[in-house]
Amino acid sequence: MAADVSLGLREPPGSELERAPAGVGPYRLALRRLRRDRAALAFGALFLLIVVLCLAAPLYARYVAHTGPNANHVTDTVRIGGTVKDVVSPDGMPIGPTWHGRFLLGADQNGRDIAVRLLYGGRNSLEVGAIATAITMVLAVMAGTVAGYYRGVVDGVTSRILDLIWAYPVVLLGIALGTSLALGGLNLGLFTVSGSSLFVPALIIGFVYVPYVAKPIRGQVLSLREREFVDAARMLGLGDLRILVSEVLPNLASTVIVFAPLMVANAILLEAGLSYLGAGVQPPNPSWGTMIGDGIALLPSSIHLTLVPGAMLVLAVLGINVFGDGLRDALDPRMAARVPH
């Protein structure tokens with residue numbers, strides 16, 4: 001009883017939907033369109049490369065840099081081109097990029113290897129972004145689906161709660177929640193989460209973005225519940241839960257798929273902002289945001305301390321955003337008339 005996604009769409013002669021063989025589903029057509037979008041694929045590959053590099057952080061730290069993300073080398077020296085240099089000079093200035101295995105991208109004011117911290121910080125930032133996105137999507141789908149399908153009092157109460165969260169700017173709400181939870185942790189009854197845990201910023205970010213996904217889903221469910229295939233399911237005697245699971249949720253799949261990469265990008269950006277302000281990932285855990293915050297104090301003499309994590313943050317967010325835009329265009333059936341065969 002799945003909805004016909006092409007119902008009501010009038011494609012021009014020669015369009016992709018008209019030329020597609022019988023039995024080709026909308027997701028196969030979307031994959032065809034996505035494969036033609038070279039920019040989206042290139043930026044998606046860039047993001048995937050960053051993910052792989054960050055996941056390989058322990059290997060780089062052990063076999064190349066020979067140090068950990070939090071190991072201090074303030075009093076150590078390093079040989080560059082036959083010259084011995086201090087990792088951190090007597091006046092407190094860290095060494096810049098050596099372009100060798102050790103301190104490839106330089107050191108920070110505590111003598112910690114920037115390249116190692118960059119990869120470990122990326123792991124933390126990506127982990128927070130992925131967990132936050134999962135929390136956002138689960139809560140938003142539940143809230144938006146229930147509110148849109150049942151309407152009435154359920155819709156009114158749920159919508160007012162979403163409006164209340166929506167009324168606060170995400171950064172201010174994130175700072176307020178992040179600061180309080182970083183100090184006292186999170187007691188969930190069965191278990192307690194430490195304030196320094198990565199789950200705390202992930203939970204905060206996932207929570208504050210729920211209205212931004214739940215409201216569009218609610219609007220789509222309001223439309224879906226009036227469609228013929230839902231009416232047919234009711235006439236067959238199916239209960240509300242069965243209708244939601246078998247009829248409504250499958251038709252929300254493309255919306256969820258489109259939102260997911262965009263929410264990952266937003267979550268990574270918000271995590272960097274909260275960590276920069278001290279309300280996100282807590283020291284000594286590295287993240288791109290905390291690295292930028294640590295490097296601000298030594299500008300402009302040690303610009304690499306902010307330039308390196310800032311560049312990685314921009315590349316990661318740009319990569320997932322462009323790929324997400326391409327995925328959105330590929331899943332939009334109306335794009336078939338504008339994509340050359």
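The values are calculated or read from the model by the stated rules, or taken from the named source; none is laboratory data. What you see is a predicted model, and the numbers here were worked out from it, not measured in a lab. Ideal geometry is used to build each Cβ from the backbone, glycine not excepted, and the neighbour counts take in all protein chains shown. The protein model used for the area step is the full one, side chains on, heavy atoms only, and it has no ligands, DNA or RNA in it. Shrake-Rupley method; radii C 1.70, N 1.55, O 1.52, S 1.80 Å.
Could you tell me which of ILE135, VAL154, ILE80 has its Cα farthest along the dipole of region 54-169 towards the positive end, charges placed at Cβ (Lys, Arg +1; Asp, Glu -1), taken about the Cα centre?
ILE80
Where does the chain land at 222 nm, in deg cm²/dmol rounded to the nearest 500, when only DSSP H runs of n ≥ 4 count, each adding -39500 (n - 2.57), divided by all residues?
Values: 14 runs with 203 residues, N = 341.
So the calculated ellipticity at 222 nm is -19500 deg cm²/dmol.
Using only Cα atoms, what is the ratio of the radius of gyration of region 52-93 to 2.2 N^0.38 Å? Kindly include the intermediate steps, with their values, before the conclusion.
Working: Rg = 12.9 Å, N = 42, 2.2 N^0.38 = 9.1 Å.
Dividing the Cα radius of gyration by 2.2 N^0.38 Å gives 1.42.
For the chain, which whole percent of the accessible surface, found with a 1.4 angstrom probe, sits on carbon and sulfur atoms?
Values: 11040 of 16920 Å².
Carbon and sulfur: 65 percent of the exposed surface of the chain.
Quick one: what does P(r) look like for region 149-190 with 10 Å bins over all Cα pairs, in whole %?
Taking every Cα pair in region 149-190, the percentages come to 24, 30, 32, 14.
Rounded to a whole number of µm²/s, how large is the Stokes-Einstein D of region 95-162 at 37 °C and 0.692 mPa s, given Rh as the Kirkwood radius over C-alpha pairs?
Details: Rh = 15.4 Å.
Result for D is 213 µm²/s.
Using the Kyte-Doolittle scale, which helices in the chain average at least 1.6 and also have C-alpha atoms spread 24 Å or more along the helix axis, with helices defined as whole DSSP H runs?
Working: long enough: 38-55 (25 Å, 2.56); 114-150 (52 Å, 1.12); 253-276 (34 Å, 1.58); 304-331 (40 Å, 1.28).
Helix filter hits for the chain: 38-55.
Against the globular-protein guess of 2.2 N^0.38 Å, express the Cα radius of gyration of region 18-87 as a ratio, rounded to two decimals.
On the way: Rg = 23.5 Å, N = 70, 2.2 N^0.38 = 11.1 Å.
Expressed relative to 2.2 N^0.38 Å, the Cα Rg reads 2.13.
Taking only protein heavy atoms and a 1.4 Å probe, what accessible area per residue, in Å², does region 125-277 have with all protein chains in place?
Details: 7070 Å² over 153 residues.
Computed with neighbouring chains in place, this is 46 Å² per residue.
Which whole number of Å³ per residue matches the convex hull of the alpha-carbon atoms in region 191-322?
On the way: hull volume 16.1 nm³, N = 132.
Given the Cα convex hull of region 191-322, per-residue volume reads 122 Å³.
Kirkwood Rh over Cα pairs of the chain into Stokes-Einstein at 10 °C, 1.306 mPa s: D in µm²/s?
Values: Rh = 22.8 Å.
Once the numbers are plugged in, D ends up at 70 µm²/s.
For a bin width of 5 Å, list the pair-distance distribution of region 249-296 built from all Cα-Cα distances, rounded to whole %.
Spelled out per bin, shortest first, that is 5, 22, 21, 14, 10, 9, 8, 7, 3, 1.
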